[in-house]
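Heads up: the structure comes next, in structure tokens.
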Amino acid sequence: MRKTKRITLKIAKYVEILKVSFMAASAYSKELYGTLGFLIITLFILFFLWKTIFSFETGDFEGFTLQKMIWYVAATEAIMLSSSRIRLRIDEEIRSGNVSNFLVKPFSYPLFLAFDSLGSSIFRFIVRMPVAFALALIFTLKFEISLLGLMSYIILGIMGLFLDALVTILIGLLAFYVEDTAPIYWIYNKLLFTIGGLLIPIDMMPAFVKTISKFFPARFILYNPANSLINFSWEFFMESFSYIVLFTAIVLLLTSLLFSSASRRLSINGG
Amino acid sequence: MENKLIEVKDLKKTYTSKKKSEGFLAGVKSLIKTDYFNIEALKGISFDVFEGETLALIGPNGAGKSTTIKILTGILYPTEGEAKVIGLVPWNDRVKLSYSIGVVFGQRSQLWFHLPPMDSFNLFSKIYELDGKEYKKRVEELIDIFEIREYISVPVRKLSLGERMRCEIVLSLLHKPRILFLDEPTIGLDVVVKSRVRDLIKRINREEHVTVFLTSHDTLDIEAISKRVIVINDGRIIFEGDLNTIKHGYMKKKIVDLKFNEITGDFNIKGVNILKKKDYGVKLEVDLTQISQDDAISEIIKQGEILDITIEDPSLEEVIKAIYNEEN
């Protein structure tokens, strides 16, 4: 009984971090409108791009009709533009020594960062998703999604955002070892663009790329949630779910290993 | 003897840094081979802190004050030596220890910048796993003591530094810590706010018996808050003792301020220096190693017709300067 209570208290602190981060994210209303503008412009460009490509071909590409493609792109962009921004914060905290403040508190610093990141990502996701879907609807005049598809997209999308936060934190914590983590993050970002399936679904890529993509978390953050939205099947949902859990566990393990070795060699600036 | 809360034995900390030579060629060379150099921040320090005490660690920039506080709170691993805080080895039991200590870094904030302090308080009540009812009582009590009720619903970014600092201290006291570590708590504050913060720290020490471990280079902080002082310089303890002992032990000078109706002498007295002289006001420094206080005064009053005289001890700042000089 006492043990259950302790575990509940431990979970409660991370849930609270998530809540506070969600509230803090909602404090930036001007930024919100700015990024929504960016989302709308990006989606229009992508919609017209795909419209032009489809105008050369009648029928579909690997099972993707123009309508499905529009909904797919809306779905991946909504996640991408909600992805973690925690890297800059980690960089700043390690460089300035502010990390000290979080090391004297009874929680795991990487998990604190992960839930902080997830809180603000969920806020952005809740705002961006309806806007992206409304645009897709205006453009296609057709719902290409089912209720089950939408549910699985939201579940996998939020799990994907958590995985993205963990990968970002793993990269961010490298700041203990390298002077600048930006190049590593840049590579990760481009992996999301390509084998993550941000712009082009992985189905349309060569067979070897499809195989390679299964060994990286990128596709499970973008492609799998988006594909589950438009081509829902229980089998695909369960497969995606398991892969995300597996990758989350692996990245979490790597992050805690990196953090425990990094904190041993920590030296803090500023006196 | 009272309960020992902090025990430090021969603590050493060496930082390794990359050597960066100047110039283009050196830059290219460093791509192939990186040279490192060591900085010894702590060269073996030992001390104890007892329950309910107020202890100040003082020293110039780079003396090792913050390194000590960071090792004792579990943030840094020492290179060598032992330390125990409330029976725990800080760097091995960081999380366990964090339930019993409060830490405030004067230059850093632990409050959520865009949210009101109350949101941060609520968050940390969950992080410290506090009981809901007890927390409510505690936070109300602290809000009253620190007089921050009007700020708790204002986003932190809109608070002044002094208001923010009071909220920072409240946050670090929510879980009733046994030791409060304060790293430069009054840095950047104006004189009035500084004295307010000092009073509050003293009150918490007195009323809640919280042991206070303070680092500062503001000597007034130390005079106001702490009874015991450790002076640290270049990674070594150069003085440890009572604040009064430090003053008496190193007070080899007195400052004499005089107002004359008429000055007849030239103050040519052995062991007496003129610090300032303007019209009928004279400020003298008496070196007690050369002349006794009584002799100095009897010589001084012969220099003219005196209207007023005050004899002062040198400030703690000057005493510390004397200790540093002696060390060097």
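The values are calculated or read from the model by the stated rules, or taken from the named source; none is laboratory data. Being a predicted model, the structure only gives us computed values, none of them experimental. Using ideal geometry, Cβ is built from the backbone for each residue, glycine included, and neighbour counts are taken over all protein chains shown. With ligands, DNA and RNA removed, areas are computed over all heavy atoms of the protein, side chains included. Shrake-Rupley method; radii C 1.70, N 1.55, O 1.52, S 1.80 Å.
Values as computed for the structure displayed
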read-out	value
Test: residue in the stretch B:223-238 that is over 23 Å from B:THR186 (Cα atoms), part of a strand (DSSP E or B) and in contact with a helix residue (DSSP H, G or I) (Cβ under 9 Å, 6 or more places away or on another chain)	yes
Residues that are within 16 Å of B:LEU11 (Cα to Cα), among the polar types (S, T, N, Q) and out of contact with any Ser or Thr (no Cβ under 9 Å at 6 or more places or on another chain), drawn from the stretch B:27-66	B:SER46
Residue list for the stretch A:1-14, restricted to those being over 16 Å from A:LYS105 (Cα atoms) and either touching a residue at least 40 places away in the same chain (Cβ under 8 Å) or more than 9 Å from every other protein chain (Cβ to nearest Cβ) (or both)	A:MET1, A:ARG2, A:LYS3, A:THR4, A:LYS5, A:ILE7, A:THR8
Among the candidates A:SER121, A:SER83, A:SER117, residue that is open to solvent by 10 Å² or more (accessible area, probe 1.4 Å), in contact (Cβ under 8 Å) with a residue 24 or more places away in the chain, within 11 Å of A:LEU161 (Cα to Cα) and away from chain B (no Cβ under 11 Å)	A:SER83
The stretch B:13-53 - residue that is part of a loop (DSSP other than H, G, I, E, B) and over 25 Å from B:TYR77 (Cβ atoms) and, of those, nearest to the chain's Cα centre (by Cα)	B:GLU53
Some residue of the stretch A:251-269 being among the aliphatic types (A, V, I, L, M), part of a helix (DSSP H, G or I), open to solvent by 10 Å² or more (accessible area, probe 1.4 Å) and touching a Ser or Thr at 6+ places or on another chain (Cβ under 9 Å)	no
In the stretch B:283-299, the residues that are in a strand (DSSP E or B) and surrounded by 15 or more Cβ atoms within 10 Å (Cβ to Cβ)	B:LYS283, B:LEU284, B:GLU285, B:VAL286
Counted residues, the stretch A:197-241 - those being surrounded by 16 or more Cβ atoms within 10 Å (Cβ to Cβ), part of a loop (DSSP other than H, G, I, E, B) and not small (Gly, Ala, Ser)	10
Hits in the stretch B:54-85 (condition: in a loop (DSSP other than H, G, I, E, B), more than 10 Å from chain A (Cβ to nearest Cβ) and open to solvent by less than 10 Å² (accessible area, probe 1.4 Å))	B:GLY59
Verdict on A:LYS105 being among the charged types (D, E, K, R) and away from every other protein chain (no Cβ under 14 Å)	no
Residue in the stretch A:92-102 that is within 14 Å of chain B (Cβ to nearest Cβ), over 25 Å from the mean Cα position of the chain (by Cα), at positive phi and open to solvent by less than 60 Å² (accessible area, probe 1.4 Å) present	yes
Any pair with Cβ under 6 angstrom, 6 or more apart, that starts in the stretch B:121-140 at a residue that is touching a residue at least 12 places away in the same chain (Cβ under 8 Å) and within 11 Å of chain A (Cβ to nearest Cβ) and ends at one that is crowded, with 20+ Cβ neighbours inside 10 Å and not in a helix (DSSP H, G or I)	B:PHE124/B:LEU174; B:TYR128/B:HIS175
Options A:LYS3, A:LYS51, A:LYS19; residue that is over 30 Å from B:GLU129 (Cα atoms), assigned to a helix (DSSP H, G or I) and open to solvent by 20 Å² or more (accessible area, probe 1.4 Å)	A:LYS51
Selected residue (only one of B:ASP190, B:ASP266, B:ASP279 is surrounded by fewer than 17 Cβ atoms within 10 Å (Cβ to Cβ), over 24 Å from B:ILE69 (Cα atoms) and in the same structural domain as B:SER98 (by TED's automatic domain parsing))	B:ASP190
Criterion (open to solvent by less than 70 Å² (accessible area, probe 1.4 Å), modelled with pLDDT under 90 and either outside any helix (DSSP H, G or I) or not hydroxyl-bearing (Ser, Thr, Tyr) (or both)) met by exactly one of A:LEU32, A:LEU39	A:LEU32
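Per-residue answers, yes or no, for (1) touching a helix residue (DSSP H, G or I) at 6+ places or on another chain (Cβ under 8 Å); (2) among the acidic types (Asp, Glu); (3) on the phi < 0 side of the Ramachandran plot:
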{"site": "B:ASP144", "(1), (2), (3)": "no, yes, yes"}
{"site": "B:GLU147", "(1), (2), (3)": "yes, yes, no"}
{"site": "B:PRO155", "(1), (2), (3)": "no, no, yes"}
{"site": "B:VAL170", "(1), (2), (3)": "yes, no, yes"}
